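In what follows, a structure is listed as structure tokens, so that the remarks can point back to it.
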Amino acid sequence: MSRLPIPNEESISSLIYIIRGEKVMLDYHLASLYAVETRILKQTVRRNKDRFPEDFMFELTDDEINLMVSQKLIPSKKFFGGARPFAFTEQGVAMLSSVLNSERANSVNIQIIRVFTRMRAMIESHKDILNKLEMLEKKDLELDEKVTLIFEYLKELEQSKQEQTDFKQRKRIGFKTN
């Protein structure tokens, strides 16, 4: 029996999505990485439901599936064979290797956990940059408001000057003296 190579970090990271604010992997992709059928993976998870609380694994809603289709992350709703996919968080992925209990699941799982850890480290290292960008955006918005206010004042000033000019150039009525 030929052994499948362990996937590299880049191919794994391309299978991580953000759903409900969590970084997750779908059952279909995990089954492929673990070299098991998706139905076997789901069956194993259902048998061990107590090991997969909501923060480890959740089932996608129709709206979430439609969103994935619209963003071209999956080709169609039929991609999952009519079943709603499970989404596994990092902790859920770690738990999967214990319930699947195969050498391949353990090896692949180590690689997946490394990817999640690397992603978390990247986000943490870029947090300062993100904070600075957010501050710049706020300052930019404040400046936009101030510039808009200045233009409003200039329009009012121009309108006032125009009214004064119109007042001086109006046709005078009443008694005139030389």
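Laid out as a table, the results:
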quantity: Index of the failed condition, Ile110 passing every other in (1) outside any helix (DSSP H, G or I); (2) more than 20 Å from the chain's Cα centre (by Cα); calculated: (1)
quantity: The range 57-73, residues that are assigned to a loop (DSSP other than H, G, I, E, B) and surrounded by fewer than 19 Cβ atoms within 10 Å (Cβ to Cβ); calculated: Thr61, Gln71, Lys72, Leu73
quantity: Search result, residues across the range 83-104 that are closer than 15 Å to Phe56 by Cβ, assigned to a helix (DSSP H, G or I) and not small (Gly, Ala, Ser); calculated: Glu90, Gln91, Val93, Met95, Leu96, Val99, Leu100
quantity: Selection count where residues are within 18 Å of Ile6 (Cα to Cα), of a type in the set (A, V, I, L, M) and surrounded by 17 or more Cβ atoms within 10 Å (Cβ to Cβ), scope the range 85-120; calculated: 7
quantity: So Ile19, is it more than 27 Å from Leu4 (Cα to Cα), in contact (Cβ under 8 Å) with a residue 60 or more places away in the chain and either surrounded by 14 or more Cβ atoms within 10 Å (Cβ to Cβ) or over 16 Å from the mean Cα position of the chain (by Cα) (or both); calculated: yes
quantity: Qualifying residue in the range 36-51 (condition: within 20 Å of the chain's Cα centre (by Cα), in the same structural domain as Val115 (by TED's automatic domain parsing), surrounded by 12 or more Cβ atoms within 10 Å (Cβ to Cβ) and not aromatic (Phe, Trp, Tyr)); calculated: no
quantity: Test: residue in the range 25-39 that is hydrophobic (A, V, I, L, M, F, W, C), modelled with pLDDT of 90 or more, closer than 27 Å to Thr117 by Cα and in contact with an Asp or Glu (Cβ under 8 Å, 6 or more places away or on another chain); calculated: no
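The values are calculated or read from the model by the stated rules, or taken from the named source; none is laboratory data. Keep in mind that what you see is a predicted model, and the values were worked out from it rather than measured. Positions of Cβ are generated from backbone atoms using ideal geometry, with glycine treated the same way; all protein chains shown enter the neighbour counts.
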